[in-house]
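Worksheet for the structure shown next.
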Amino acid sequence: MLIEGVPVIKAGIIGATGYAGYELVKILTRHQEVSIQFAASRSHAGQNMSEQFPGGPDVPLIKPEVAPLDQVDVVFLCLPHGAAANTAASALEAGARVIDLSADFRLKDAVSYKEWYGLEHPAPWLLPEAVYGLTEVSRDMLPEARLVANPGCYPTSILLALQPVMAACSADAGPIIADSKSGVSGAGRSPRLHTHFVEVADNLSPYNVGQSHRHLPEIEQGLTLWMRNPPSVIFSPHLLPVPRGLLSTIYVPIAEGWSEDALRSRYDESYRSEQFVHVLDPGSQATLAHVNFSNNCYIGLTLAEGILIITSAIDNLVKGAAGQAVQNMNVMFGRPESTGLIP
Ligand SMILES: NC(=O)c1ccc[n+]([C@@H]2O[C@H](COP(=O)([O-])OP(=O)(O)OC[C@H]3O[C@@H](n4cnc5c(N)ncnc54)[C@H](OP(=O)(O)O)[C@@H]3O)[C@@H](O)[C@H]2O)c1
């Protein structure tokens, strides 16, 4: 099928009724060059998305087992880690390309996956070919990719913030410290005690502080793209009493001789031509209001006592999940990168 001479991308979504899946269906519904062939959910098959989400898109839900994987160009997996890898293998075998929003293909090392996620990797033979889909960094590899590992939300905010500064980072002046706060949708739609309204409202809770959150090895792996022996990372996430949005404040020890202007030039060089990454003027800091409901990342920079303090904000469900997945799809299929995405 062609729309104005451009072939339509036939897409399927599995895990469509989770928060990331719902956001993805909304974006794909308004994407002029995509036709949703199926949206699958175990618990709500037979219903329509609009029954699950008031005002949501008019898309019927089918069972994942009957999803016609061989009739689509791309399958998006919006499933929990561990549940995505086998479906990815089946979709690839059926001839579809895969964008996995879970953590199943983000870590290159199956041993590290087992250590952090507590299970044997279900499809380790696919790890070498998976492209880590931080679009601004991996753009050149996406057109050939069959399998894309969409980054985690915290790593997206942190790696985009760190990429330009790694050349100026002092490797022996102590760790990089990332203090991050995320809205509650980051924990998914299944109700749990710690995401219960009464526990979250009027509260701010740190969790997995230090070096124990599963996104840490993903951040560390990302840093090795830019520095052979990067400093260690201390990463302290917090649960914010808002539905969506994520802000990381990151402290980076800087090598001698760098001024704030010189550091700022590195960010300008890296992101001047990017549509979704915006570096704020001196004195301005990134906030959730800059980014929510958009695919943008806003970055603020301040140098104090040899430490670069970076504030980096994204919408965890858009740039941190479904939006970046669509950005990756656009590049994979040779479409303008921002198609379907609110800039
Ligand atoms: N939320 C975020 O901000 C965010 C950001 C970046 C990445 N991610 C990642 O994206 C994935 C989805 O996240 P989410 O927040 O949308 O989670 P969620 O709201 O909990 O949704 C997960 C979906 O997967 C389905 N599912 C659950 N367990 C399953 C299983 N064992 N086998 C097959 N299907 C299962 C569920 O629907 P049915 O049971 O109806 O099929 C549910 O709709 C996760 O891997 C998450 O880590 C999330």
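Readers should treat all values here as calculations from the given coordinates under stated rules, not as data from a laboratory. What you see is a predicted model; the values in this text were computed from it and never measured. Here the Cβ is made from the backbone with ideal geometry for all residues, glycine too, and neighbour counts use every protein chain on show.
Please name which of Leu77, Pro230, Ala173 has its Cα lying farthest along the dipole of the chain towards the positive end, using unit charges on Cβ (Lys, Arg +1; Asp, Glu -1) and the Cα centre as origin.
Result: Leu77.
Under a Cβ-only charge scheme (Lys and Arg +1, Asp and Glu -1), can you give me the dipole magnitude of the range 90-156 about the Cα centre, in debye to the nearest 20? Spell out each step's value before the answer.
On the way: 6 positive and 10 negative charges, 17 e Å.
The dipole magnitude comes to about 80 debye.
Across the chain, how many lysine pairs separated by 8 or more positions, or lying on different chains, have Cα atoms within less than 25 Å? Each step should come with its number before you reach the end.
Details: Lys10/Lys26; Lys10/Lys63; Lys10/Lys319; Lys26/Lys63; Lys26/Lys181; Lys26/Lys319; Lys108/Lys319; Lys181/Lys319.
So the count of such lysine pairs works out to 8.
Give me the dipole magnitude in Debye, nearest 20, for the chain about the Cα centre, with unit charges on the beta carbon: positive for Lys and Arg, negative for Asp and Glu. Before the final figure, lay out each step's value.
Working: 22 positive and 34 negative charges, 124 e Å.
Charge dipole of the chain: 600 debye, to the nearest 20.
Could you tell me how many degrees, from 0 to 90 and to the nearest 10, lie between the Cα long axis of helix 323-332 and the main elongation axis, the longest principal axis, of the Cα atoms of the chain?
Roughly 70 degrees, rounded to the nearest 10.
Need one number for the range 139-178: average projected area of the convex hull over its C-alpha atoms, nm².
Values: hull surface 15.9 nm².
Computed as one quarter of the Cα hull surface, the answer is 4.0 nm².
Please give the direction-averaged projected area of the C-alpha convex hull for the chain, in square nanometres with one decimal.
Working: hull surface 69.4 nm².
So the Cα hull casts an average projection of 17.3 nm².
Show me the ranking of peptides 53-61, 152-160, 130-138 by mean Cβ neighbours inside 10 Å, starting with the highest. Before the final figure, lay out the partial values.
Working: 53-61: 13.4, 152-160: 27.2, 130-138: 21.6.
Descending packing order for the listed peptides: 152-160, 130-138, 53-61.
How big is D for the range 115-160, in µm² s⁻¹ as a whole number, if Stokes-Einstein is applied with the Kirkwood radius of its Cα pairs at 4 °C and 1.567 mPa s?
Taking Rh from Cα pairs, D becomes 108 µm²/s.
I'd like the orientation of helix 153-162 relative to the chain: the angle between its Cα long axis and the longest Cα principal axis, in ° from 0 to 90, rounded to 10.
Here the helix axis deviates by roughly 40 degrees.
How much length is gained if the chain between Leu204 and Lys114 is pulled fully straight, taking 0.36 nm per residue apart and subtracting their Cα-Cα distance, in nm to one decimal?
Values: separation 90, 0.36 × 90 = 32.40 nm, distance 3.03 nm.
Using 0.36 nm per residue and subtracting the Cα-Cα distance, I get 29.4 nm.
Once the dipole of the chain is set up with Lys and Arg at +1 and Asp and Glu at -1 on Cβ about the Cα centre, which of Gly56, Ser212, Ala103 lies farthest towards its positive end?
Gly56
On a 0 to 90° scale, report how tilted helix 260-271 is relative to the longest principal axis of the chain, with both axes built from alpha carbons and the result rounded to the nearest 10.
It is inclined by approximately 20 degrees.
Please state the charge dipole magnitude for the range 182-307, taken about the Cα centre, from unit charges on C-beta atoms (+1 on K and R, -1 on D and E), reported in debye and rounded to the nearest 20.
Charge dipole, the range 182-307, about its Cα centre: 520 debye, nearest 20.
By average Cβ neighbour count within 10 Å, what is the ranking of 267-276, 303-312 from highest down? Could the numbers behind the result be given before it?
Details: 267-276: 15.1, 303-312: 18.1.
Descending packing order for the listed peptides: 303-312, 267-276.
Using the Cβ atoms and a cut-off under 15 Å, what net charge is assigned to the surroundings of Arg264, where Lys and Arg are +1 and Asp and Glu are -1? Working shown, then result.
On the way: positive: Arg266, Arg272; negative: Glu260, Asp261, Asp268, Glu269, Asp281.
Cβ neighbours under 15 Å give a net charge of -3.
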